[in-house]
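Asker: One structure, as structure tokens, below. Some questions next.
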Amino acid sequence: MDMEVNNDLNNISLLIERSHFIEAHRLAVSAGLFEPADAPEHCLLCCRLGYHLGDFRRTRVRAYLSQKRFPDNLALAVYWGYYLEQLAGTCQTLEYLKQRQDMMCSGTTADVKADALSFQAQLLAMLRDETAAMDAVNQARSLAPEDPWHRVTEARVLSMADKYDAAIMTCRRVVKRYPDFRPGIQQLAQSLVLVGKRAEALQLLTAANERFQSWLVASDLAELALDEGEYLLAGQALHDIDRYAPLADKGVRNHRRQMEIELAIHAGNYAAAATLAGSMKGLYYQRLAMHLGSVRPGATTGRKILPVSFTRQHHNTCAPAVLSSLTAFWGRPFPMEQIVDDIWYGGTYDYQERRWAEEHDWYAREFRLEWPSACKLVELGIPFGITSLNAGSGHLQAVIGVDQIVETLVIRDPYDPNKSELLQKEFFDGQEAFGPRAILVLPKRRIAMLDAIELPEAAAYDRLYEFQLALDGHDRVAALSVLNRMREMSDPERLVLLTERKLALYDRNEHAFLCAVEGLLELYPDDATLLIDKQHTLHNLGHSRKRIDWLRKVTADDAVHPRLELALASALVGNMLYHSEVKRLLRKTRVALSSDASWHAVMGQYCSIKHEFDRALDHYRIASCLEPAVEHYVRTYIQTATELSLIHI
């Protein structure tokens, strides 16, 4: 590489470090250096620049080919790893990174080794292995103590471990010492949003957008400005995305278009929003375009959003977070941590939400949510919680508004600091088997607000609540009496069957449980949660062959939920005759379920059967980190480690 080219590469690299990507692009094009390269350093520079110009797709291909061409170059391996995580999942990327760390050339610098450790720390944090992640961060910082990137990684690890205040403190130190370090500013803004300091985050991103030539900063600013109702600022930020992403690929353009649709809706320009939605692929946008296209010209009313604050949940604490937000709305806030201490252990049963509210002098009521009742409650100024179930996994969110023109529920998700919207018909159709169940929490002095509305199935849900309290107190006789009342009063068949299912679960009566589930499946044959329930029961009854045959039939559907494919892998994993099929199923589901403890538990079994005990132990450890409150996962990890003489009991 001649001196002139080397100087150009150094200048381009310096501009990239300063986040002056447009200037770097001009220099790279004029010098003829934004082309396929012969040196790994040149390849890496082209990849970095392409990414920050919005060319994700071509950069991904370039990164893949570069790391194949230079297999001992750790810097290229790390860069490709960020794409691999999206394609193959967290665990596969960790294994790839470890292989490349073993293959790295002898001349690998300390800075590159530190970058690899920082990336490893982020992957481990995604799997909630905080101890190992912080060890990797500390190693990275010891190798490159002056590199602020590793401090930013530390903040990300702390944030993923639900330690938001510590993450903010770390970011503030980075920004104070390195005021021109863009990733530090972005990470600080993201951390501030998570703890409700949105005005400071908006100010920080606005200033950063004026200093840097980064579409990523402009995108963060546009999202936050939209959510805060700063529509003029959001529009300017969308324009900056166009300026700073001149090579934007389809993914970047679609991301920008999503925000443009939202901006057009807020401006009342439904025709433009319909056109934009119609240009997007996917069922959601097709249906959104249809709704928007049917809006009569000049329509201006029908959208109302209540000022419900965001409370960031910790791992699996969605219910306490939503209760905290709802109580804060009424001016009598309860910290999420207090609610967690009261009712949470690895998750929250639905009846515990209502009981907690009543024990703390609130009026609480459960009901089945329908579109008219949602609109009426928001009109009355009453936010409420709503439970969604997906293949056995439950999540509580707050409904804080509606748009009657577009027909969407406005959601405050305790994991996402920005508001989101759900098409009401699609949501209700998808949650029909379990309601969807909703819960409202009101100060007792405000109960009269409910005089103007009839809550669907509220009386039946009152009886279900009474039933659950009886079982919680181990009063089976009282619980059975309530169930008989539900039958006599012709409560909805769905609720009666769900109650019979709960009683069978309490009794550990697998035959009765299966009967209730099959009754529900007759009503809702495609519900993934009920299908998961059935396969679990077949397993518990010892119907191995019947379970496998049934799962094969269910998983033949292209739209099957990956947890059902994992269930088939679990059913087959103990038999080496099905080795190749289990491997295929695990590979197929690894991206969708990479943060699912059950996937790692099955993968651990698969590795054990293949006598790959170290890999098995890694997966059992991950499962126990992802779900530390599930005794089976923790016990399996400890037993395996003991058998391998890695720990002593």
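Asker: Of these, 144, 155, 125, which one is touching a His at 6+ places or on another chain (Cβ under 8 Å) and on the phi < 0 side of the Ramachandran plot?
Answerer: Residue meeting the stated conditions: 144.
Asker: Taking region 186-206, which residues are within 19 Å of residue 52 (Cα to Cα) and more than 23 Å from the chain's Cα centre (by Cα)?
Answerer: Correct list: 205, 206.
Asker: Does region 395-422 hold any residues that are in a strand (DSSP E or B), touching a helix residue (DSSP H, G or I) at 6+ places or on another chain (Cβ under 8 Å) and open to solvent by 10 Å² or more (accessible area, probe 1.4 Å), and which are they?
Answerer: Those that are in a strand (DSSP E or B), touching a helix residue (DSSP H, G or I) at 6+ places or on another chain (Cβ under 8 Å) and open to solvent by 10 Å² or more (accessible area, probe 1.4 Å): 395, 397, 412.
Asker: Oh, and also: Within region 364-394, how many residues turn out to be more than 30 Å from residue 599 (Cβ to Cβ), in contact with a Gly (Cβ under 9 Å, 6 or more places away or on another chain), open to solvent by 10 Å² or more (accessible area, probe 1.4 Å) and not in a helix (DSSP H, G or I)?
Answerer: 1
Asker: Considering each residue of region 16-27, count those that are surrounded by 18 or more Cβ atoms within 10 Å (Cβ to Cβ) and closer than 28 Å to residue 104 by Cα, and give that number.
Answerer: Number satisfying all stated conditions: 1.
Asker: So residue 645 clears everything in (1) more than 20 Å from residue 529 (Cα to Cα); (2) open to solvent by 30 Å² or more (accessible area, probe 1.4 Å); (3) in a helix (DSSP H, G or I) except one condition, right? Which one?
Answerer: (3)
Asker: In the list 482, 477, which residue meets the criterion of being closer than 21 Å to residue 365 by Cβ and assigned to a helix (DSSP H, G or I)?
Answerer: 482
Asker: Return the total of residues in region 332-363 being under 30 Å from residue 228 (Cβ atoms), open to solvent by 20 Å² or more (accessible area, probe 1.4 Å) and touching a residue at least 60 places away in the same chain (Cβ under 8 Å).
Answerer: 1
Asker: When residue 256 is evaluated against the numbered criteria (1) open to solvent by 50 Å² or more (accessible area, probe 1.4 Å); (2) among the charged types (D, E, K, R); (3) outside any loop (DSSP other than H, G, I, E, B), which criterion, by number, is the only one it fails?
Answerer: Just one mismatch for residue 256, condition (1).
Asker: Please go through region 550-565 and pick out each residue that is assigned to a helix (DSSP H, G or I) and surrounded by 10 or more Cβ atoms within 10 Å (Cβ to Cβ).
Answerer: 550, 551, 552, 554, 562, 563, 564, 565
Asker: Out of all the residues in region 230-272, which are closer than 16 Å to residue 22 by Cα and among the basic types (Lys, Arg)?
Answerer: The answer is 243, and nothing else.
Asker: Hey, can you tell me all the residues within region 626-649 that are in contact with a Ser or Thr (Cβ under 9 Å, 6 or more places away or on another chain) and either closer than 19 Å to residue 132 by Cβ or modelled with pLDDT under 90 (or both)?
Answerer: 626, 627, 630, 633, 634, 636, 637, 638, 640, 646, 648, 649
Asker: Condition test on residue 279, is it without any contact (Cβ under 8 Å) to a residue 24 or more places away in the chain and closer than 30 Å to residue 372 by Cβ?
Answerer: So residue 279 fails the test.
Asker: How many of the residues making up region 127-148 are assigned to a helix (DSSP H, G or I) and open to solvent by less than 50 Å² (accessible area, probe 1.4 Å)?
Answerer: 6
Asker: Any residue in region 615-622 that is under 14 Å from residue 568 (Cβ atoms) and in contact with a helix residue (DSSP H, G or I) (Cβ under 8 Å, 6 or more places away or on another chain)?
Answerer: No: region 615-622 contains no residue that is under 14 Å from residue 568 (Cβ atoms) and in contact with a helix residue (DSSP H, G or I) (Cβ under 8 Å, 6 or more places away or on another chain).
Asker: Please pick out the residue among 135, 129, 180, 162 that is touching a helix residue (DSSP H, G or I) at 6+ places or on another chain (Cβ under 7 Å) and of a type in the set (Asp, Glu).
Answerer: Unique residue meeting the criteria: 129.
Asker: Are any of the residues in region 585-602 among the acidic types (Asp, Glu) and more than 20 Å from the chain's Cα centre (by Cα)?
Answerer: The answer is no, given that none of the residues of region 585-602 is among the acidic types (Asp, Glu) and more than 20 Å from the chain's Cα centre (by Cα).
Asker: Being in contact with a Lys or Arg (Cβ under 7 Å, 6 or more places away or on another chain) and either among the small types (Gly, Ala, Ser) or free of Cβ contacts under 8 Å to residues at least 40 places away in the same chain (or both) is the filter; apply it to region 529-581 and report the residue that is nearest to residue 392 (Cα to Cα).
Answerer: Restricting to residues being in contact with a Lys or Arg (Cβ under 7 Å, 6 or more places away or on another chain) and either among the small types (Gly, Ala, Ser) or free of Cβ contacts under 8 Å to residues at least 40 places away in the same chain (or both), the top hit is 535.
Asker: Out of 527, 549, I need the residue that is acidic (Asp, Glu) and either in contact with an Asp or Glu (Cβ under 8 Å, 6 or more places away or on another chain) or under 27 Å from residue 387 (Cα atoms) (or both). Which one?
Answerer: 527 is the lone residue from the list that is acidic (Asp, Glu) and either in contact with an Asp or Glu (Cβ under 8 Å, 6 or more places away or on another chain) or under 27 Å from residue 387 (Cα atoms) (or both).
Asker: Hey, could you check region 464-496 for residues that are open to solvent by less than 50 Å² (accessible area, probe 1.4 Å) and over 34 Å from the mean Cα position of the chain (by Cα) and say which is modelled with the lowest pLDDT?
Answerer: Among those that are open to solvent by less than 50 Å² (accessible area, probe 1.4 Å) and over 34 Å from the mean Cα position of the chain (by Cα), it is 491.
Asker: Kindly evaluate residue 227 against the criterion of being in contact (Cβ under 8 Å) with a residue 60 or more places away in the chain and farther than 24 Å from residue 17 by Cβ.
Answerer: For residue 227, the condition - in contact (Cβ under 8 Å) with a residue 60 or more places away in the chain and farther than 24 Å from residue 17 by Cβ - is met.
Asker: Go through region 569-606 residue by residue and tally those that are surrounded by fewer than 19 Cβ atoms within 10 Å (Cβ to Cβ) and part of a loop (DSSP other than H, G, I, E, B).
Answerer: Qualifying residue count, region 569-606: 5.
The values are calculated or read from the model by the stated rules, or taken from the named source; none is laboratory data. Worth saying up front: this structure is predicted, and the values here are computed from it rather than measured. Don't worry about glycine lacking a Cβ; one is built from the backbone with ideal geometry, like all the others, and counts go over all protein chains shown. Protein only, heavy atoms only, side chains kept; ligands, DNA and RNA dropped before computing areas. Shrake-Rupley method; radii C 1.70, N 1.55, O 1.52, S 1.80 Å.
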